[in-house]
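Enquirer: Below is a structure I'd like to ask you about.
The values are calculated or read from the model by the stated rules, or taken from the named source; none is laboratory data. Worth saying up front: this structure is predicted, and the values here are computed from it rather than measured. Because the Cβ atoms are built from the backbone with ideal geometry, glycine has one as well, and the counts that use them run over all protein chains shown.
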């Protein structure tokens, strides 16, 4: 009891305005797809992300781990500017995508989000048919013009998401009628239907059972050959299974980043070690 | 973990008071509370149901007789030469009717008596005859047997609202008139029939000629104007405020004012309509156009508030999902948010429309309280609306208008119920089945 109280007070002290802590490990990769430098995120006057710099490599899976409230989801949502929907949220620093800062005023979020897709924590299919769920985004972007184009995109997306066999006979049924795991794969299919280059996944398996989780993980394994994936997860096992690199966040700081096998076998930072061994978090 | 949990843990370990005993002790009180609460709820429902039942029975019992009307069978000899050759419609039908009445009662010769006799028949009888003659021009020379409208006093007597036992001085019909009516009854020449006039005519000073149709049509046109204006404007305003507008002082101010407007007494909107639409813009008074616009102003806040609530109720995950695949804000709203919010918006609109349908006060201000006999044919014809018609009839001294008032209320209620039924059907239609 006494210990917990002390820990909270310690954390409060850390949350007070301070400089960011230094990141351990190499933030650079040889072939970066997105480059983040000195990213700070504020909600009103509260700082959620401090001075985070990291590269996301081409066709790699980057896992972001850390205790609740460490800012990993916030950081992920910066990468396709989903934080724009929150009024009090503002971002400094730069996130380069195709050598352009996505927070530059000249950047339009619509094409950005078409290239940097997102899969959310809770499966959120549209309350429409399975077909419409997939075909809607290509339609609004004008990627498909004819019915046959749309059919093709629906089929390939569902095939890639490993859902085609299960739903091919009931494409006109509501997407919300599927099971949780199927819904999440439908959401992934929806995201890849517009052929993005990066897919952001915000704890995609936290609402799913182990079997559905295993399917999603297999899917990530396949998708990484074509897409760059950044995944936030609470499951250390998942991070170690699916990712090449892992970034550990703590209270808004990027504490450590490195190859997944290194992070999980010989972490350099004490906090990282505490977290992955389950002593903290 | 705090002191109290620690204390209870200590107690249970010492064995003095077990937690389950405390729970069991409080159980009876808890259930008692629940029982009482349920009872109060049931009581209030029964009370409101009783009031409603009382109201409905009172209206129906007063009003149902208005759906019947007393008719008198009259044999009208149409002798050659009685009709105007050039313009048969301009013939003296009043005179022909009087002749027919005189034929039936040959004994009545005194002038005073004749006047009393003629007053048993509605002044509408002449119009009935004219319609009959114009529809069948070949009837000249023969005797037409025609069921003509009885005067409202006769109607009231037949419906039992005028008692024969009352002394003559306190009765609207004299003893002589009663005797003439008795003769009609004996000859089976007087009977109550379905009151088509009530459903096909406009207002009239004569109760037997007065109908609700003019007011129904007036209400219909007015509601059409209100709906056409307030639905798109209200929904556009709600969508803009909820989905697009920045959250700042200006939008806060607008929001507060919309909420205030919903609480403004409706007569104020009438005054505004009088000042702006009639006096400044010079729009025609007493018309559904102006009435509809005034009611639109009154309905807008209701629709906007309900629509915003419906938009707020759409889960944010849907918006995020749509934004996440790179759709613009308008595409999110048009394809996903609006369809989900539509049932709620429709409900709000129907509530607003139902309010507007029953509204009287603002319409008085723009002249819709005028006595209008003609049935409106369009949006710019002077017309009455149902609640105003009810108000006017409730104000009339004739006994026969009492039942017509109740009957008009029944028609208004029927309108409201059918509007709500349409709303329910639409809502079911648009509601996502998943």
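Enquirer: What's the number of the condition residue A:236 fails, among (1) at pLDDT 90 or above; (2) crowded, with 16+ Cβ neighbours inside 10 Å?
Expert: Every listed condition holds for residue A:236 apart from (1).
Enquirer: Restricting to the stretch A:137-154, name every residue that is touching a residue at least 40 places away in the same chain (Cβ under 8 Å) and within 12 Å of chain B (Cβ to nearest Cβ).
Expert: A:137, A:138, A:141, A:143
Enquirer: Moving on to the next point. Looking at residue A:192, is it closer than 25 Å to residue A:95 by Cβ, more than 14 Å from chain B (Cβ to nearest Cβ) and surrounded by 18 or more Cβ atoms within 10 Å (Cβ to Cβ)?
Expert: No; evaluated as a whole, the condition is false for this residue.
Enquirer: Need pairs with beta-carbon distance below 7 Å; first residue within 14 Å of chain A (Cβ to nearest Cβ) and within the stretch B:307-318, second assigned to a loop (DSSP other than H, G, I, E, B) and surrounded by 13 or more Cβ atoms within 10 Å (Cβ to Cβ); sequence gap 6+ or separate chains.
Expert: Short answer, once both residue conditions are applied: B:317/A:120; B:317/A:122; B:317/A:124; B:318/A:124; B:318/A:126.
Enquirer: Turning to a different aspect of this structure: Taking the residues in the stretch A:240-254 that are in a loop (DSSP other than H, G, I, E, B) and touching a helix residue (DSSP H, G or I) at 6+ places or on another chain (Cβ under 7 Å) as candidates, determine which candidate is farthest from residue A:71 (Cα to Cα).
Expert: In this case the residue turns out to be A:244.
Enquirer: Within the stretch B:254-282, take every residue that is within 25 Å of the chain's Cα centre (by Cα) and outside any helix (DSSP H, G or I) and give me the one that is nearest to residue B:375 (Cα to Cα).
Expert: B:265
Enquirer: Which residues, taken from the stretch A:155-184, are surrounded by 14 or more Cβ atoms within 10 Å (Cβ to Cβ), more than 27 Å from the chain's Cα centre (by Cα) and more than 14 Å from every other protein chain (Cβ to nearest Cβ)?
Expert: A:171
Enquirer: Also, quick follow-up: Being exposed (fewer than 15 other Cβ atoms within 10 Å of the Cβ) and either in the same structural domain as residue B:409 (by TED's automatic domain parsing) or more than 30 Å from residue B:198 (Cβ to Cβ) (or both) is the filter here; which residues of the stretch B:68-101 pass it?
Expert: B:77, B:79, B:80, B:81, B:84, B:85, B:86, B:87
Enquirer: Follow-up. Looking at B:424, B:388, B:332, which one is within 14 Å of chain A (Cβ to nearest Cβ) and part of a helix (DSSP H, G or I)?
Expert: Matching residue, one of B:424, B:388, B:332: B:332.
Enquirer: Which is within 14 Å of another protein chain (Cβ to nearest Cβ), on the phi < 0 side of the Ramachandran plot and in contact (Cβ under 8 Å) with a residue 40 or more places away in the chain, of B:415, B:430?
Expert: After ruling out the rest, the residue left standing is B:430.
Enquirer: The conditions are (1) within 13 Å of chain A (Cβ to nearest Cβ); (2) assigned to a loop (DSSP other than H, G, I, E, B); (3) touching a residue at least 60 places away in the same chain (Cβ under 8 Å), and residue B:359 fails exactly one of them. Which is it?
Expert: Result: residue B:359 passes all but (1).
Enquirer: Can we say residue A:129 is within 14 Å of chain B (Cβ to nearest Cβ), more than 23 Å from the chain's Cα centre (by Cα) and surrounded by 16 or more Cβ atoms within 10 Å (Cβ to Cβ)?
Expert: The answer is yes for residue A:129.
Enquirer: Tally time: how many residues in the stretch A:23-38 are surrounded by 17 or more Cβ atoms within 10 Å (Cβ to Cβ) and either in a loop (DSSP other than H, G, I, E, B) or touching a helix residue (DSSP H, G or I) at 6+ places or on another chain (Cβ under 6 Å) (or both)?
Expert: 4
Enquirer: Check B:117, B:178 and return the single one that is in a helix (DSSP H, G or I) and either surrounded by fewer than 14 Cβ atoms within 10 Å (Cβ to Cβ) or in contact (Cβ under 8 Å) with a residue 60 or more places away in the chain (or both).
Expert: So the residue among B:117, B:178 that is in a helix (DSSP H, G or I) and either surrounded by fewer than 14 Cβ atoms within 10 Å (Cβ to Cβ) or in contact (Cβ under 8 Å) with a residue 60 or more places away in the chain (or both) is B:117.
Enquirer: Then there's this: Residue B:382 is checked against (1) assigned to a loop (DSSP other than H, G, I, E, B); (2) modelled with pLDDT under 90 and fails just one. What number does that condition carry?
Expert: (2)
Enquirer: When you look at residue B:238, is it in contact with a strand residue (DSSP E or B) (Cβ under 9 Å, 6 or more places away or on another chain) and in a helix (DSSP H, G or I), yes or no?
Expert: For residue B:238, the condition - in contact with a strand residue (DSSP E or B) (Cβ under 9 Å, 6 or more places away or on another chain) and in a helix (DSSP H, G or I) - is not met.
Enquirer: Tell me which residues, restricted to the stretch B:120-167, are touching a helix residue (DSSP H, G or I) at 6+ places or on another chain (Cβ under 7 Å), touching a residue at least 40 places away in the same chain (Cβ under 8 Å) and assigned to a loop (DSSP other than H, G, I, E, B).
Expert: B:120, B:122, B:124, B:151, B:159, B:162
Enquirer: Assigned by TED's automatic domain parsing to the domain that holds residue B:278, outside any helix (DSSP H, G or I) and under 30 Å from residue B:68 (Cβ atoms) - does that describe any residue in the stretch B:405-420?
Expert: No; the residues of the stretch B:405-420 include none that is assigned by TED's automatic domain parsing to the domain that holds residue B:278, outside any helix (DSSP H, G or I) and under 30 Å from residue B:68 (Cβ atoms).
Enquirer: In the stretch B:103-114, what residues are assigned to a helix (DSSP H, G or I) and surrounded by 15 or more Cβ atoms within 10 Å (Cβ to Cβ)?
Expert: Matches in the stretch B:103-114: B:104, B:113, B:114.
Enquirer: Being touching a strand residue (DSSP E or B) at 6+ places or on another chain (Cβ under 6 Å) and assigned to a loop (DSSP other than H, G, I, E, B) is the filter; apply it to the stretch A:198-226 and report the residue that is farthest from the other protein chains (Cβ to nearest Cβ).
Expert: Restricting to residues being touching a strand residue (DSSP E or B) at 6+ places or on another chain (Cβ under 6 Å) and assigned to a loop (DSSP other than H, G, I, E, B), the top hit is A:224.
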